[in-house]
Amino acid sequence: MSNTEQELRQRQAQFTKELHGDDIGSKTGLSALLSKNKNAQQEAVNKYLRHWDGKTDQDAEQRRLDDYNEATHSYYNVVTDFYEYGWGSSFHFSRFYPGENFKASVARHEHYLAYMAGIQKGDLVLDVGCGVGGPAREIARFTGASIVGLNNNDYQIAKAKHYARKYKLADQLEFVKGDFMNMEFPENTFDKVYAIEATCHAPKLEGVYEQIYKVLKPGGTFAVYEWVMTANYDENNPEHRKIAYEIEVGDGIPKMYSVDVARDALQKVGFDVLVGRDLADNDDDVPWYYPLTGEWKYVQTLGDLATFFRTSFIGRKVTTTMVSLMERVGIAPQGSRDVTLALEEAAVGLVAGGKQKLFTPMMLFVAKKPEN
Ligand SMILES: CC(C)=CCC[C@@H](C)[C@H]1CC[C@H]2C3=C(CC[C@]12C)[C@@]1(C)CC[C@H](O)C[C@@H]1CC3
Ligand SMILES: C[S@@+](CC[C@H](N)C(=O)[O-])C[C@H]1O[C@@H](n2cnc3c(N)ncnc32)[C@H](O)[C@@H]1O
């Protein structure tokens with residue numbers, strides 16, 4: 001690791017301590033938000049939003065690409081509590097079958113990826129961009145494999161370790177700090193690698209796929225749910241670009257790439273692409289983005305009402321108003337309201353992109369590293 005990388009790592013770890021304190025894990029969601037250090041939270045929000053000035057010209061994009069590591073680290077420092085409060089501990093979308101509840105759908109989406117990757121008991125598996133470990137816990141239980149979660153966000157790693165202990169999975173799970181653009185694992189380490197809605201944070205897809213190729217054993221499989229703009233997306237159409245920008249700013253993504261860029265990048269680094277299928281391109285009765293709409297007709301079970309309320313348009317307005325008030329009276333840290341507004345942009349862009357089929361959060365690629 002270079003000196004600059006070491007310094008960045010130390011700075012991020014120190015900042016996480018200042019922001020969240022030592023007691024990471026016992027509090028989640030809004031209660032974790034309220035116990036954050038107020039000055040540090042303001043700094044984290046500024047760090048995340050400093051490159052998001054509404055500009056989409058090449059210079060502005062380049063600044064976001066150059067600062068991908070700090071910008072994403074700051075993004076997850078400020079949104080993780082909101083994600084856990086509104087969504088749970090798996091930070092991804094999923095398809096819904098009629099009658100299927102939210103949690104079952106999320107778990108099934110994870111099982112399907114594990115199945116497509118061919119993960120089995122005894123495998124050593126890498127989860128690239130592991131969040132707070134929701135998918136890793138589910139896939140470890142489902143397959144019996146040992147999983148290493150890689151993440152550049154210290155707060156999420158601490159949470160993932162806490163949950164692994166809490167749910168008695170510490171023997172099967174390990175969580176490590178690292179940048180997926182520069183992995184430190186030896187070559188040919190893992191039997192399988194998967195990534196769920198994480199590699200879109202890379203400044204260049206070829207860069208992260210090349211790292212995955214390096215650490216995967218020959219003959220090993222990489223399976224990913226990639227966030228991409230579909231073939232319907234036209235970068236020169238201002239309406240389309242506005243939707244992509246909302247997704248970028250609200251989700252901490254330096255640049256949304258198209259499905260062709262992703263497929264080409266996999267092939268260029270040496271993978272044989274066995275499957276390339278957009279799981280959102282279907283006639284499902286219940287669309288994947290439904291929790292972010294206000295359309296109650298899609299709620300599948302009574303038990304999902306509480307989740308849907310938080311994620312729906314009205315629920316988000318309630319959260320933003322409540323957080324703004326708490327910020328004004330000094331209970332919530334400064335900048336918390338700005339975070340809810342950025343998340344609102346995310347929700348609007350994701351639903352618009354989903355409805356017009358310009359965007360998919362579940363472009364499934366299954367790729368193999370050749371044996372020789
Ligand atoms: C950022 C990437 C690559 C993936 C995350 C996908 C989703 C889990 C998130 C995308 C937008 C998020 C929002 C929320 C939860 C997590 C997402 C759906 C909230 C519902 C959390 C509660 C807030 O009050 C509103 C948020 C809107 C956006
Ligand atoms: C939307 S979350 C998905 C998390 C997890 N896969 C899940 O489904 O719950 C994206 C994850 O990618 C991680 N990430 C983003 N950029 C990264 C980087 N450069 N190196 C390692 N992890 C990164 C974030 O910290 C976050 O945990």
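Do we find that Gly315 is touching a strand residue (DSSP E or B) at 6+ places or on another chain (Cβ under 6 Å), within 13 Å of ligand 1 (Cβ to nearest atom) and small (Gly, Ala, Ser) in this structure? When the stated conditions are applied, Gly315 does not pass them. Evaluated against (1) in contact with a helix residue (DSSP H, G or I) (Cβ under 7 Å, 6 or more places away or on another chain); (2) within 13 Å of ligand 1 (Cβ to nearest atom); (3) in a loop (DSSP other than H, G, I, E, B); (4) open to solvent by 10 Å² or more (accessible area, probe 1.4 Å), Ser94 falls short on exactly one condition, (4). Taking the range 14-29 as the range and being in contact with a helix residue (DSSP H, G or I) (Cβ under 6 Å, 6 or more places away or on another chain), open to solvent by 30 Å² or more (accessible area, probe 1.4 Å) and closer than 26 Å to Gly88 by Cβ as the test, the residues that pass are Ile24, Thr28. Annotation note: of Tyr213, Tyr209, the sole residue that is open to solvent by 20 Å² or more (accessible area, probe 1.4 Å), over 13 Å from the mean Cα position of the chain (by Cα) and hydroxyl-bearing (Ser, Thr, Tyr) is Tyr213. Checking each residue in the range 123-145 for being among the hydrophobic types (A, V, I, L, M, F, W, C), within 14 Å of ligand 2 (Cβ to nearest atom) and assigned to a helix (DSSP H, G or I) picks out Ala136, Ile139, Ala140.
If you check Lys355 against the conditions, is it surrounded by fewer than 21 Cβ atoms within 10 Å (Cβ to Cβ), modelled with pLDDT of 95 or more and of a type in the set (Lys, Arg)?
yes
Residue-level check: of (1) touching a residue at least 40 places away in the same chain (Cβ under 8 Å); (2) among the hydrophobic types (A, V, I, L, M, F, W, C); (3) surrounded by 22 or more Cβ atoms within 10 Å (Cβ to Cβ); (4) more than 16 Å from ligand 1 (Cβ to nearest atom), Ile196 misses just (4).
Exactly one residue out of Ser312, Ser324, Ser336 is over 22 Å from Asn77 (Cα atoms) and surrounded by 15 or more Cβ atoms within 10 Å (Cβ to Cβ), and it is Ser312. Here Tyr115 meets the list (1) more than 9 Å from ligand 2 (Cβ to nearest atom); (2) crowded, with 16+ Cβ neighbours inside 10 Å; (3) modelled with pLDDT of 95 or more; (4) in a helix (DSSP H, G or I) almost entirely, failing just condition (2). Of all residue pairs spaced 6 or more apart or on separate chains, those with beta-carbon atoms under 6 Å, a first member in the range 351-363 that is more than 11 Å from ligand 1 (Cβ to nearest atom) and a second member that is open to solvent by 20 Å² or more (accessible area, probe 1.4 Å) and of a type in the set (D, E, K, R) are Thr360/Asp278; Met363/Asp278. Would you mind finding the one in Tyr163, Tyr167 that is open to solvent by 50 Å² or more (accessible area, probe 1.4 Å), under 30 Å from Lys27 (Cβ atoms), modelled with pLDDT of 95 or more and not aliphatic (A, V, I, L, M)? Of the residues listed, the single one that is open to solvent by 50 Å² or more (accessible area, probe 1.4 Å), under 30 Å from Lys27 (Cβ atoms), modelled with pLDDT of 95 or more and not aliphatic (A, V, I, L, M) is Tyr167.
Restricted to the range 97-112, and to residues there that are open to solvent by 50 Å² or more (accessible area, probe 1.4 Å) and either within 21 Å of Arg310 (Cβ to Cβ) or in contact with a helix residue (DSSP H, G or I) (Cβ under 9 Å, 6 or more places away or on another chain) (or both), the residue that is nearest to ligand 2 (Cβ to nearest atom) is Lys103.
Could you check the range 281-311 and list, in sequence order, the residues that are out of contact with any helix residue (DSSP H, G or I) (no Cβ under 7 Å at 6 or more places or on another chain) and either of a type in the set (Asp, Glu) or not in a helix (DSSP H, G or I) (or both)? Passing the criteria: Asp281, Asn282, Asp283, Asp284, Asp285, Glu295, Gln300, Thr301.
The values are calculated or read from the model by the stated rules, or taken from the named source; none is laboratory data. Computed from a predicted structure; not experimentally measured. Cβ: placed from backbone, ideal geometry, glycine included. Neighbour counts: every protein chain shown. Areas reflect the complete protein model, heavy atoms only, side chains present, ligands, DNA and RNA absent. Shrake-Rupley method; radii C 1.70, N 1.55, O 1.52, S 1.80 Å.
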